[in-house]
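Take a look at the structure below.
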Amino acid sequence: MSTPALFLTLFVLGLSAYTWGRRRAFAVSDGDNRRLHSLPDYHGLYVALWCAGPSLLLLGVWFILEPLIGGIAIQQGLPADAATLTEGQRQLLIEDIRRLATGDIVVAEPDAASRSAADAYNRALSIAQATFSVVALSTALVGGFYASRRVRTGLRARNAVEDVARAVMLVASTLAILTTIGIVLSLVVETLRFLDRIPLLDFLFGLRWSPQTALRAGQVGSSGSFGAIPLFTGTLLITVIAMAVAVPVGLLAAIYMSEYAADRVRAVAKPTLEILAGVPTVVYGFFAALTVAPWIRGLGESLGLNVSSESALAAGVVMGVMIIPFVSSLSDDVMTAVPQSLREGAYALGATQSETIKQVVLPAALPGIVGAVLLAISRAIGETMIVVMAAGMAANLTVNPLQAVTTVTVQIVALLVGDQEFDSAKTLAAFALGLLLFVLTLGLNVIALGFVRRYRERYD
């Protein structure tokens, strides 16, 4: 049985076990739920967990063991002359056999030995998968039968189900934390390797970014320049332009929708505005490169200004339009959540609607608005496609919005593509930039959190 079919079968068995558990609960209580410690739904979930839970755990184990079993089968089916191959050639041969077994395209015409190894690979996986399917289904049936026999009036089914749910949430939280720690550690390790080649002060305070290093000794350009100041200057410049567009427009739109617009208008305006968040960034990039940037250049030339064909202004304006929904939607939700009694109290004291908004609604919603702006800033800092297409990739140290600049995320992508060796300073610089960007973003979050805690107001 294939893995999707097995998963679907276990799902059906789990639903059947849930139904059977509820029926058993009704039967043992003679239809009177008050005699049960837990509701019939909890008894159904209890039986379903015993039926499908262990089998799903086995399914996770199978995902780990499947490539190992296939690798062992391929190793045993390799031709006799494979022992004379180098490690790289051996791994390439194993990958070709695996691709041949799964029906993918192979590099060269396979010989008889490779076909035989592929057949052995398929046979081993088929036998292992059939055995595993029998074990998983048997475990599900035995678990469901055992749990159904335990259904009685005094069974603490709710406690058991809640314990399982708590354990699942604990595992999920632990995985999220471990993933974060793993990401940070990987960045730190690779950054330390980068700093072995490039001095820290040159990286942090260097004014020139040109990470072109030589592939061989004696080549022209054998040492690049890795000053990060131009990259962060460009990132900050585009982010400031984007926020100058997004924050006023988004906040005013939120005030209108939450305080002035009728229910019918709000029901149409808010979803329409949120559509902007669903437009792919590459579409914004095309719009910026083909429409906004030429228009800005033409307007600048008509005013006698020297405007680059790729400018920070074009990228920032379009990026600001893209992140308007992040500010408007979240701010609207926060202001709508302000208790109506506060508004009525302000009106009772003689305040006008605009005064109520300025002196009551906005201060009460300030922590949420700050969170919305912070989310928009994070979105602007992490944007790549619009910058590539509208602002270019030139690492110019300038604060002139009419010139071409680049950002940290664009350079990270540029450093990790191509045929450069992974352990070169050019490639390792991407990890150093990533770690520095992570630290700066974390600092921004800490400052915003402190601001929110300081000015937060609690309402009953």
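Taking only the C-alpha atoms of segment 129-174, Rg followed by Dmax gives 14.5, 40 Å. When the accessible area of segment 147-263 is split by element with a 1.4 Å probe, what percent falls to carbon and sulfur? C and S fraction of accessible area: 66 percent.
Hydrodynamic estimate: the Kirkwood radius of segment 284-344 over Cα pairs, inserted into Stokes-Einstein at 4 °C and 1.567 mPa s, corresponds to D of 93 µm²/s.
Could you provide, to the nearest whole Å², the per residue accessible area of the chain with probe 1.4 Å? Present the calculation step by step, with values, prior to reporting the outcome.
On the way: 25530 Å² over 460 residues.
Computed with neighbouring chains in place, this is 55 Å² per residue.
Based on C-alpha pairs under 8 angstrom that are at least 6 apart in sequence, the chain has a relative contact order of 16 percent. With a simple spin-label model that places each label point 7 Å from the Cα along the Cα-to-Cβ direction, the separation between L195 and I181 comes to 2.1 nm. Summed over all non-identical Cα pairs, the Kirkwood treatment of segment 152-296 gives a radius of 22.1 Å.
Here the peptides 165-177, 248-260 are ranked by packing, the mean other Cβ count within 10 Å, and the order with the highest first is 248-260, 165-177. Among F26, F205, the sequence by solvent-accessible area, most first, with a 1.4 Å probe is F205, F26.
Taking all protein chains together and rolling a 1.4 Å probe, R158 ends up with roughly 100 Å² accessible.
How big is the shadow of the Cα convex hull of segment 357-396, averaged over all directions, in nm²?
If you wrap the Cα atoms of segment 357-396 in a convex hull and average its projections, you get 4.2 nm².
In this simple spin-label model, placing a label point 7 Å from the Cα along the Cα-to-Cβ direction at both L366 and F438 gives a separation of 3.4 nm.
Using a 1.4 Å probe on the protein heavy atoms, what percent of the accessible area of segment 306-431 belongs to carbon and sulfur? For segment 306-431, the apolar C and S fraction of the accessible surface comes to 62 percent. Across segment 354-430, Cα-Cα distances exceeding 15 Å account for 69% of all pairs. Considering the chain, its Cα convex hull presents a mean projected area of 35.1 nm².
The values are calculated or read from the model by the stated rules, or taken from the named source; none is laboratory data. All values reported here derive from a predicted model rather than from experimental measurement. Every residue, glycine among them, receives a Cβ derived from its backbone with ideal geometry; neighbour counts consider all protein chains shown. Surface accessibility is based on the protein's heavy atoms, side chains included, excluding ligands, DNA and RNA. Shrake-Rupley method; radii C 1.70, N 1.55, O 1.52, S 1.80 Å.
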